[in-house]
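Asker: One structure coming up, written as structure tokens, with questions to follow.
The values are calculated or read from the model by the stated rules, or taken from the named source; none is laboratory data. Computed from a prediction, not measured in an experiment: that's the story for all the values here. As a convention, Cβ positions derive from the backbone with ideal geometry for all residues, glycine included, and neighbour counts pool all protein chains shown. Remember, those area values only see protein heavy atoms, side chains included, never the ligands or the DNA or RNA. Shrake-Rupley method; radii C 1.70, N 1.55, O 1.52, S 1.80 Å.
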Amino acid sequence: MTDTYPPISDQLDDLESAQEEGRRKMEWAAQHMPILEVVREEFVDDQPFEGERIAMAMHVEAKTAILVETLADGGAEVAVTGCNPLSTHDDVSAALDTHENITCYAKRGVDDEEYYAAIEAVIAHEPTITVDDGMDLVAAIHEDYPELIDGIVGGAEETTTGVHRLRAMDEDGALEYPVFAVNDTPMKRLFDNVHGTGESSLASIAMTTNLSWAGKNVVVAGFGYCGKGVARKATGQNANVIVTEVEPRRALEAHMEGYDVMPMSEAAEVGDVFLTTTGNRDVIVEEHFERMQDGVLLANAGHFDIEIDLEALSDLAVDRYEARDGVEAYEMADGRRLNVIAEGRLVNLAAPVSLGHPVEVMDQSFGIQAVCVRELVESGDEYDAGVHDVPDDLDKEIAEIKLAAEGVEFDSLSDTQREYMGSWDHGT
């Protein structure tokens, strides 16, 4: 295997100005990431990753860059690329590539061939640890470079879709090294998925369209943690929220929280904005497009661009044109226009003006990623191949760092309370 795909520094014309702008974005993010500041100081002092090669496939923008540099400053050789063709900020990628321990291949707007060539270039560094967002990196290693698996201590997976894929792989007995399900730990789900996805998705759509949420019927497909966040934030923007679900308990939860719950076939007739958050494919399909009103907005907050069936929509359309930067209008035979934002890709990162989750939110998620990598280096041989929950003490460690940074104090159990909670023989 050879590394033939060039790093970002070999692909940009005005490299110096790109590096300067990327560094400026990173410095702003770093000011608002106190967790990674604390973790980075620890890593700089201890150099826990000396001799390790970390392969990463992530959304390469300013916040992610702080995690990448944190690992590199801890002694690792890091190779990184994107996990979505439209989420990379080229200037940030260029700034990362200046670090002596980092090689960055991420570039915005690559086609499928270039996207996977960049992943292969990262794999060519023969990683000992993987850090993934969506599982494309893990999948490529298992499918195409299984000879590298024996040298990999373990990995960490950031997002819902990636964890779903990993668990399916694990159930099939196909996952051959341990991977932490970072997405499923409380410090990720309760903040990144709820507040991060909710705030950033709505903000990206509003900035892309210049339209208000107030009074609109917003259809949220899926009421997992991401869907809950979108629904809650849309309600806060004075929208009327409709939830569609396939899981009865989540549907009931949405109903009990006051949202209208109905099948997508019914929601399609009344929705003004549709936002998919399921991680599954074919959530909005031909039968739904045929029922939608003129001018609806279609957006996706799931990891891959498979939730809205754009092939079917394209087949129905008699015309397609760019209505706004980042908005493609599909005109139906009867004159209705259905507007797709960011090509149906992850809207909070792929829309032209999107910036991803708020900085403070990603500080928490990336703090978990960082300490999971530390755990793999320190105790990786204690974990068998397969998907693992993040150890609870690591999750609490990051929460405590955040609370300290915010100046928030909290109670602790007394010895008597701890003994009571740990015993079974206290009766009435």
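Asker: Out of the residues in the range 103-130 that are of a type in the set (Gly, Ala, Ser) and in a loop (DSSP other than H, G, I, E, B), which is surrounded by the fewest Cβ atoms within 10 Å (Cβ to Cβ)?
Answerer: This residue is Gly109.
Asker: Would it be correct to say that His426 is open to solvent by 50 Å² or more (accessible area, probe 1.4 Å) and either closer than 16 Å to Pro34 by Cβ or not in a strand (DSSP E or B) (or both)?
Answerer: Considered against the rule, which asks whether it is open to solvent by 50 Å² or more (accessible area, probe 1.4 Å) and either closer than 16 Å to Pro34 by Cβ or not in a strand (DSSP E or B) (or both), His426 comes out as yes.
Asker: Taking the stated definitions as given, is Arg281 in contact (Cβ under 8 Å) with a residue 60 or more places away in the chain and open to solvent by 10 Å² or more (accessible area, probe 1.4 Å)? Spell out how you get there, then give the answer.
Answerer: Details: in contact (Cβ under 8 Å) with a residue 60 or more places away in the chain: no; open to solvent by 10 Å² or more (accessible area, probe 1.4 Å): yes.
When the stated conditions are applied, Arg281 does not pass them.
Asker: When only residues in the range 43-53 that are touching a residue at least 12 places away in the same chain (Cβ under 8 Å) and either over 25 Å from Ile123 (Cβ atoms) or in contact with a His (Cβ under 9 Å, 6 or more places away or on another chain) (or both) count, which is least open to solvent (accessible area, probe 1.4 Å)?
Answerer: My answer is Val44.
This table checks each residue for (1) part of a helix (DSSP H, G or I); (2) over 26 Å from Asp192 (Cα atoms); (3) touching a residue at least 40 places away in the same chain (Cβ under 8 Å).
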site	(1), (2), (3)
Thr4	no, yes, yes
Lys25	yes, no, yes
Ala30	yes, no, no
Val60	no, no, yes
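Asker: For a quick check of your reading of the model, give me the residue pairs whose first member lies in the range 294-307 and is under 17 Å from Phe223 (Cα atoms) and touching a residue at least 60 places away in the same chain (Cβ under 8 Å), whose second is aromatic (Phe, Trp, Tyr) and buried (at least 21 other Cβ atoms within 10 Å of the Cβ), with beta-carbon atoms closer than 6 Å and at least 6 apart or on different chains.
Answerer: Short answer, once both residue conditions are applied: none.
Asker: Further, regarding this structure: In the range 344-372, what residues are more than 30 Å from Glu42 (Cα to Cα) and either not in a helix (DSSP H, G or I) or not hydrophobic (A, V, I, L, M, F, W, C) (or both)?
Answerer: Correct list: Gly344, Arg345, Leu346, Asn348, Ala351, Pro352, Val353, Ser354.
Asker: So Val78 clears everything in (1) at pLDDT below 95; (2) over 22 Å from Ala350 (Cα atoms) except one condition, right? Which one?
Answerer: All conditions pass for Val78, except number (1).
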